[in-house]
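Working notes, beginning with the structure itself.
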Amino acid sequence: MKLLMGFITAILITGIASAQHGNSPAGHVNFGIKGGLNFYNINNDDNTKYDQRTAFHFGLLGHIHLNTHFAIQPEIVYSEEGAKNGSINYNLDYINIPVLFQYMFDNGFRLQAGPQLGFLVSAKSKDNDDVTDIKNDLTSIDSGISIGVSYVVPATGFGVDLRYNLGLLNINENSSVSSTNRGLQLGVFYIFGYNSITFIK
């Protein structure tokens, strides 16, 4: 929680400081909200195959312009992840902090990629009505790489986002099997005040 508050504080300080630059691209910060669908699975190195879990994500974003074409976009996202194995649902919920580096085309399209850090907040296995807390069986921190594309309508600040998140750390605490999170996210977002930035083409 302290890390999340520190992240939010840092973004707010950056935004206040950049406001002194007016409409200059460098350092300009906008804030936004986002949400959408998750299509997640767990990859196991013993070749055990799971079915994907379909769930949701939602959160906040900061969009920091470095110039007219490059930006950094840090986010705080609550992400429902996990997988299914027969009748058993593995519901793993994280607070993820991706930091995306973006190339922005003049027509609203963006290419983006960057690291992501995740904090496990809930982990339960559910077999019909039988629910078991498995949080102690998993590592509390996950990390990975996020790669994707997005499109924003400059006149409105509304956009759509598609990304693939590839987990790099073994999430099992005690098992000899190495497992990693991976999933596709499809969402929408809104950036406040985006259409007021006069340097956007």
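The values are calculated or read from the model by the stated rules, or taken from the named source; none is laboratory data. Everything numeric here is computed off the predicted structure, so don't read it as measured data. A quick note on method: Cβ atoms are made from the backbone with ideal geometry, for glycine too, and the neighbour counts reach across all protein chains shown.
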| message | Out of N47, N41, N67, I need the residue that is without any contact (Cβ under 8 Å) to a residue 12 or more places away in the chain and either over 30 Å from I134 (Cβ atoms) or among the polar types (S, T, N, Q) (or both). Which one? | response | N47
| request: For N128, indicate whether it is of a type in the set (S, T, N, Q) and over 18 Å from G187 (Cα atoms). | output: yes
| Considering only the stretch 1-36, how many residues are of a type in the set (A, V, I, L, M), surrounded by 14 or more Cβ atoms within 10 Å (Cβ to Cβ) and modelled with pLDDT of 65 or more? | 1
| remark: Contact list, first residue from the stretch 184-201 and closer than 27 Å to I145 by Cα and of a type in the set (A, V, I, L, M), second anywhere and modelled with pLDDT of 90 or more and part of a loop (DSSP other than H, G, I, E, B), beta-carbon distance below 9 Å, six or more apart or interchain, is I191/G157
| message | Taking the criterion of being modelled with pLDDT under 95 and out of contact with any Cys (no Cβ under 9 Å at 6 or more places or on another chain), would at least one residue in the stretch 108-122 satisfy it? | response | yes
